[in-house]
Amino acid sequence: MHSACPLSSLAPGDAIRLETSPPIAVFHTEDGELFALDDTCTHQDASLADGWVEDCWVECPLHASKFNLRTGAADAPPAKLPVRVHEVLVVDGQIMVKESEDEPNLPPGLTVDGHV
């Protein structure tokens, strides 16, 4: 389990990147929901925490593929593969992320430990 930050320090509409291997993005939507996804677009090495969140989707800042915050599914090319979704809990006011045991879908040239 990864400790992200206090809930009070992540405003609705904001996201943070956890420096895990691979990195995880935690999103606090305008509606007050919390989601966690692998932070790297499956098409190219771009941080989804730097993307735009609308409704239940985050748009990659490079090529506009969107990922569903609930399922990790990609909406359209250039990204074809989903990102992993992680469980988010709030424990004593602290955002905690339980990392998925599924294999991550990383873009070409990237491994869980960084670039090849």
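Each of 97, 63, 32 was scored by the projection of its Cα onto the charge dipole of the chain, and the greatest displacement toward the positive side belongs to 63; charges sit on the C-beta of Lys, Arg, Asp and Glu. Normalised by 2.2 N^0.38 Å, where N is the number of residues, the C-alpha radius of gyration of the chain stands at 0.98.
Normalised by 2.2 N^0.38 Å, where N counts its residues, the alpha-carbon radius of gyration of region 57-116 equals 1.29. Across the accessible surface of the chain, with the other protein chains kept in place and a 1.4 Å probe, carbon and sulfur atoms take up 48 percent. Between 30, 103, 54, the Gaussian network model of the chain with springs among Cα atoms under 10 angstrom shows the greatest mean-square fluctuation at 103. Unpaired cysteine residues in the chain (no second Cys Cβ under 4.7 Å): 5, 56. Remark on region 16-67: ratio of C-alpha radius of gyration to 2.2 N^0.38 Å is 1.04.
The values are calculated or read from the model by the stated rules, or taken from the named source; none is laboratory data. Values in this document were obtained by computation on a predicted structure and should not be read as measured data. Glycine also receives a Cβ, built like all others from the backbone with ideal geometry; neighbour counts cover every protein chain displayed. Note: accessible area is taken over every heavy atom of the protein model, side chains too, but ligands, DNA and RNA are not part of it. Shrake-Rupley method; radii C 1.70, N 1.55, O 1.52, S 1.80 Å.
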